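Working notes, structure below.
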Amino acid sequence: MDNDADQFRSAMGAYATGVVVVTAARGDEIWGITVNSMTSVSLQPPLLLWCLGDQSERYDIFAQATLWGVTVLGGADEAQARRFARAGTEGVIANEYEMFAGAPILRLGIAHLACRTHERRQAGDHLIIIGEALALRSEPGPALSFFRGRYGRIEDTRG
C-alpha cells in the first residue's frame with residue numbers, strides 16, 4: 001500500500017459490518033444510499049449514527065433530510081446493496097418502498113427504522129448524521145455483511 005488512506009481503508013476493512021440502505025425523500029422522489037457505517041449511539045433516547053461522504057453525489061439529499069429510513073439488508077439483498085452503492089445517484093422505484101412512521105423504507109430487509117435527524121457533525125471528509133429512531137421493527141433471518149471489501153452473509157442462529 002502506498003499511502004495512509006489505503007492503509008486505513010485496509011485496516012477498517014478488517015472490521016466486519018452489517019449493511020443498510022438509508023432512504024430519504026426529496027420532493028416527490030425517494031433516494032437510497034448503501035451504508036456500512038451505521039451504529040447505535042444511545043438507548044435513551046434511541047439514537048444511531050451513520051456517515052455520509054462529502055463527495056457523495058447524493059450528499060445534498062441526505063445532508064438536508066429531516067426524516068429518513070434505514071433498511072437493514074438481509075442475506076439475499078446483495079444486489080440492492082450494490083445498486084445503492086453506485087457512485088451515480090439512484091432513485092427508488094415506487095413499488096420498492098413504503099412509508100413507515102413518515103419515513104421511506106425499502107420493502108425488503110430484516111429490520112427497519114424510521115428516523116428523525118437529531119444532530120449533524122462534520123468530521124474530516126464526512127458528515128456524521130445522528131438520528132433518533134421514531135419507530136422500528138425487525139424479523140428473523142440472515143443478515144448481509146461486509147468484510148474486506150466483499151459482501152457476505154451472517155446466519156441467524158437463534159433457535
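Just so you know, all these numbers are worked out from the coordinates, no wet-lab data involved. What you see is a predicted model; the values in this text were computed from it and never measured. Note that each Cβ is placed from the backbone with ideal geometry, even for glycine, and that neighbours are counted across all protein chains shown.
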When residues of segment 108-157 are filtered for being within 18 Å of G75 (Cβ to Cβ) and touching a Pro at 6+ places or on another chain (Cβ under 7 Å), how many remain? 4
Residues of segment 32-48 being under 12 Å from I129 (Cα atoms), surrounded by fewer than 19 Cβ atoms within 10 Å (Cβ to Cβ) and of a type in the set (A, V, I, L, M, F, W, C), which ones? V41, L47
Which numbered condition in (1) surrounded by fewer than 18 Cβ atoms within 10 Å (Cβ to Cβ); (2) in contact with a Lys or Arg (Cβ under 8 Å, 6 or more places away or on another chain) is the only one that A111 fails? (1)
Mind checking which pairs have a first residue in segment 42-62 that is in contact (Cβ under 8 Å) with a residue 24 or more places away in the chain and over 13 Å from R120 (Cβ atoms) and a second that is among the aromatic types (F, W, Y) and buried (at least 18 other Cβ atoms within 10 Å of the Cβ), Cβ under 8 Å, 6 or more apart or different chains? R58/W31; I61/W31
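Give, as residue ranges, the strands (runs of 3 or more DSSP E) completely inside segment 1-62 that count at least 1 residues that are β-branched (V, I, T), closer than 19 Å to L136 by Cβ and touching a strand residue (DSSP E or B) at 6+ places or on another chain (Cβ under 7 Å).
Details: elements: 20-26, 29-35, 39-42, 47-53.
Fully inside segment 1-62 and qualifying: 20-26, 29-35, 39-42.
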